[in-house]
Structures are given as structure tokens and as C-alpha cells.
Amino acid sequence: MPEDAQTPPPPALIRALIRGLDACTEGLGRTVAWLAPVMVGITCAVVLLRYGLGQGSVALQESVTYMHAALFMLGAGYALKHHKQVRVDILYRRFSPEARAWVDALGSLVFLIPLALFIGWISQDFVRSAWRIREVSADSGGLPWVYLLKSLIPLLAASLLLQAVAEVLRNLLRLMGYAAPDGTTADESGEEEC
């Protein structure tokens with residue numbers, strides 16, 4: 001880390017890339033977050049229909065499942081960006097900001113990026129097969145878009161991969177002593193403790 005009190009800004013191209021990836025993740029996360037109240041409303045409607053009026057709707061029930069899948073799969077990158085992922089935090093919270101940056105960068109490079117690439121790769125035949133036959137619900141009255149639901153799997157991988165790249169770049173900049181795109185340096189980038 002530079003000795004001077006003024007930390008230089010990170011290279012413009014890397015800063016722009018991080019901001020662009022963060023903006024994509026932020027926009028997608030905020031958009032799919034609206035599925036949560038819609039799911040609550042539809043779940044209430046399903047319960048009222050079933051127990052109040054004695055009517056059932058497989059399509060409504062499946063729509064909640066579709067929205068739930070979309071919320072979690074498309075929101076995974078958003079959770080990562082905001083450090084809301086599940087973390088085994090036995091030692092991490094005691095680490096210095098520099099050590100945290102090392103752990104986060106190496107964790108993304110060694111575990112998260114390979115996992116996202118594997119999920120994207122392994123899901124291709126599964127999704128392609130569903131699209132080929134335009135897979136529909138096995139339940140009578142269910143939604144005819146199972147192939148779209150399965151398409152969320154490679155989108156999960158892409159979302160995680162893009163945000164993992166942003167996190168690796170952000171942590172590398174911190175380790176190199178640059179001010180991060182969010183304006184913090186490695187010494188100031190402490191995260192919220194749970």
C-alpha cells in the first residue's frame with residue numbers, strides 16, 4: 001500500500017468495469033425483489049381460494065414456485081454484491097480489511113467462479129432439452145413454461161459469475177492500495193458484522 005495519505009484512484013477501465021457489473025447486478029436484484037410481495041399476494045389468494053371458496057388453482061400455485069425460483073436465482077448476484085450470502089464467519093470478522101480482501105478474492109477465484117462456470121456448463125443439456133420439447137408442467141392445469149423456469153439455472157450462473165468478477169477486481173484494487181470504485185480503501189472497507 002502506498003505510504004502517502006492520498007490513495008490514487010484505480011485505473012479508469014477497471015473502475016468502469018466494476019461499476020458496470022455492479023449496475024447490472026443492482027438493477028436485476030432490485031427488479032426481481034418486486035417478486036416477493038407479488039408472491040405473498042398470490043399465496044394469500046391461493047389460500048383464500050382453497051380454504052375459503054373450495055377452489056384450487058395449480059397454475060397459481062406453480063406461479064409462486066416460478067417467482068420464488070426467479071427471486072433466488074436471479075437475486076444471487078445481488079446478495080453477493082451486498083455481502084448477504086451465507087458465510088462461515090468463525091475467523092473472517094476478526095480479519096483485517098486486507099486479509100478480508102485476500103479471502104474474498106481467493107474465495108471467488110478458487111470456489112465461486114469455477115462453481116458458476118460448472119453450473120452454467122452442466123445445465124446446458126438440461127435446459128436445451130427442455131427448450132427442444134417446450135417442456136410443460138406435469139400437473140394438469142399447470143403452467144406450460146417449465147423450459148423457461150429451467151432457463152433460470154444458466155442465468156444464475158451468469159449472474160454469479162459477473163458479480164464474482166466485480167468482487168475479485170474490487171478486492172484486487174483494495175489489495176493494491178487503490179481507492180475502490182465505491183470510494184473506500186483497503187483500510188476503510190470493513191463490512192457489516194452480523
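The values are calculated or read from the model by the stated rules, or taken from the named source; none is laboratory data. As the structure is a prediction and not an experimental result, all values here were calculated from the model. Virtual Cβ from ideal backbone geometry, glycine too; neighbours counted across all protein chains shown. Surface areas here come from the heavy atoms of the whole protein model, side chains and all, with no ligands, DNA or RNA. Shrake-Rupley method; radii C 1.70, N 1.55, O 1.52, S 1.80 Å.
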Fill in the blank from the handout: Here the convex hull volume per residue of the chain, taken over Cα atoms and given in Å³, is 138
Fill in the blank from the handout: Taking a crude spin-label model, label points 7 Å out from Cα along the C-beta direction, the H82 to F118 distance in nm is 2.8
Exercise for the section: Please work out how much accessible surface W131 shows to a 1.4 Å probe, ignoring ligands, DNA and RNA, in Å² rounded to 10. Expected result: 90
Practice task
Enumerate the whole-percent occupancy of each 10 Å bin, from 0 to the last occupied one, for all C-alpha pair distances of the range 1-112.
Solution key: 11, 27, 26, 18, 11, 5, 2, 0
Exercise for the section: Would you mind calculating the gained length between L48 and W34 on full extension (0.36 nm times residue separation, minus the Cα-Cα distance), in nm to one decimal? Expected result: 2.8 nm
Handout entry: Using alpha-carbon coordinates, inclination of helix 97-107 to the longest axis of the chain, degrees
Key = 50
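What does the extension gain come out to for F72 and D125, with contour length at 0.36 nm per residue minus their alpha carbon separation?
Numbers: separation 53, 0.36 × 53 = 19.08 nm, distance 2.18 nm.
Between F72 and D125, full extension yields 16.9 nm more.
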Practice task
Please calculate how many Å² of accessible area the chain carries per residue, with a 1.4 Å probe and no DNA, RNA or ligand atoms counted.
Solution key: 60
